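Here, each number is a calculation from the coordinates, and none is a lab measurement. Owing to the predicted nature of the structure, the values given are computational and were not obtained by experimental measurement. Note that we place each Cβ from the backbone using ideal geometry, even for glycine, and neighbour counts take in every protein chain shown.
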Amino acid sequence: MRAAAATAAAHLSPRLAARRAAALRPARRSSSSRPGARAFGGADDDPRRETTPAPRADAARDPFPRSWPRAMGTIVDEKVAYKRYLAVFDREVEFPPAAPDAGSSDGGPPGGALLPRRVRYDIVGHPRSDFRFAVVFPFHPATADRPAEVTLIREYCQASNALGLSLPTGSFDPGKHASLADTATRELAEEARLRDARGAMECLLADENHPGFVESKWCANRFKPYLCVDPEPIDPEEAPRRDAEEFSIETERVGIDRLERLMYEGGMMLPSIVASQMALDALRRRGAIPPRNERA
């Protein structure tokens with residue numbers, strides 16, 4: 001475990017690595033170590049979360065997903081600018097010396113000297129979830145009386161202030177989930193009211209050690225796509241309770257042709273589009289669905 005932690009934190013300066021390790025130790029919820037910053041989990045924190053999960057055994061590791069395949073710069077400073085459910089990090093990164101770029105806004109160092117370059121960035125993510133998310137493709141194989149279908153989620157999207165489409169998606173909870181596959185199983189039950197009856201939740205990434213797709217270049221969150229074949233319905237009374245913000249969730253089963261049209265109409269969340277495309281490719285390779293119809 002210590003070796004893994006050292007590898008994950010290799011892109012940090014020694015001072016920042018020590019600060020990160022200290023920050024992850026249990027702390028009082030009512031105070032902040034930085035003047036002017038709100039406490040993590042203070043009185044004005046997310047009212048839906050009243051407790052904090054117990055620290056994980058490997059809590060001394062770097063909390064951010066590791067760089068893949070390798071880190072490009074060294075993180076020399078980092079502060080939390082804002083945190084509720086999302087957190088915004090003010091990060092300073094140092095890059096190795098390089099020749100000045102004539103097209104850059106700063107013109108390079110004085111006299112053309114080759115000096116390390118430092119740049120500040122805003123990074124957004126969900127630290128409570130270890131920045132890890134699962135996206136599940138619930139596939140219902142064709143039967144004698146119906147074609148193959150997929151279960152989609154329709155719910156309110158706060159950024160667009162409109163209804164949007166997605167696959168069942170959820171964040172890793174260190175206090176509840178032993179793995180991201182556990183997250184996928186629970187979100188399938190919570191959002192889609194479906195059960196992985198065969199116990200065959202399959203990650204679609206070719207490399208099982210890959211940390212997952214980056215949500216965007218300024219977001220630390222990473223998601224992994226999963227495929228669940230032939231899930232069974234769950235009685236809503238027995239399904240896990242949905243969170244308060246999931247009040248608008250509706251489920252819909254659609255055929256493959258309809259799914260592919262929805263993927264390109266602009267109303268589906270990007271992680272769900274990626275997961276859907278990977279799942280459809282995998283199912284076609286296995287002969288579970290026919291080849292894609294080429295449309296003019």
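Separation between the Val119 and Lys79 pseudo-spin-labels, each 7 Å from Cα along Cα→Cβ, expressed in nm?
2.1
Starting from the Cα of Arg146, move 7 Å in the Cα-to-Cβ direction to define the label point; list residues of region 206-249 whose amide nitrogen is under 18 Å from there.
Answer for this model: 228-236.
At a Förster radius of 30 Å, what calculated FRET efficiency corresponds to the Cβ-Cβ distance of Asp281 and Ser216, to the nearest 0.05?
That pair, Asp281 with Ser216, gives E of 0.85.
Starting from the Cα gyration tensor of region 129-285, take the square roots of the eigenvalues, sort them a ≥ b ≥ c, and report rounded, prolate or oblate (rounded when a/c is under 1.5, otherwise prolate if a/b is larger than b/c, else oblate).
rounded
Shape of region 171-211 from its Cα gyration tensor (a ≥ b ≥ c, root eigenvalues): rounded if a/c is under 1.5, otherwise prolate when a/b > b/c, or oblate? Mind dumping the intermediate values first?
Working: a/c = 2.19, a/b = 1.27, b/c = 1.73.
Here region 171-211 falls in the oblate category.
When only DSSP loop residues count, what GluC sites (Glu not before Pro) in region 192-229 have their Cβ near at most 10 other Cβ atoms within 10 Å? Mind dumping the intermediate values first?
Numbers: sites: Glu202, Glu208, Glu215; in loops: Glu208.
Loop-located and lightly packed - Glu208.
Within 10 Å of each candidate Cβ there may be at most 16 other Cβ atoms; applying that plus a DSSP loop requirement, which chymotrypsin sites (Phe, Trp or Tyr not before Pro) in region 200-280 survive? Could you put the intermediate results ahead of the total?
Numbers: sites: Phe213, Trp218, Phe223, Tyr226, Phe247, Tyr264; in loops: Trp218, Phe247, Tyr264.
For chymotrypsin sites (Phe, Trp or Tyr not before Pro) across region 200-280 that sit outside H, G, I, E and B with at most 16 neighbouring Cβ atoms in 10 Å, the list reads Trp218, Phe247, Tyr264.
Starting from region 189-296, pick out the trypsin sites (Lys or Arg not before Pro) whose DSSP state is loop and whose Cβ has at most 10 other Cβ atoms within 10 Å. Each step should come with its number before you reach the end.
On the way: sites: Arg193, Arg195, Arg198, Lys217, Arg222, Arg241, Arg242, Arg253, Arg258, Arg261, Arg284, Arg285, Arg286, Arg292, Arg295; in loops: Arg193, Arg198, Lys217, Arg241, Arg242, Arg286, Arg292, Arg295.
Listed in order of number, the matching sites are Lys217, Arg241, Arg286, Arg295.
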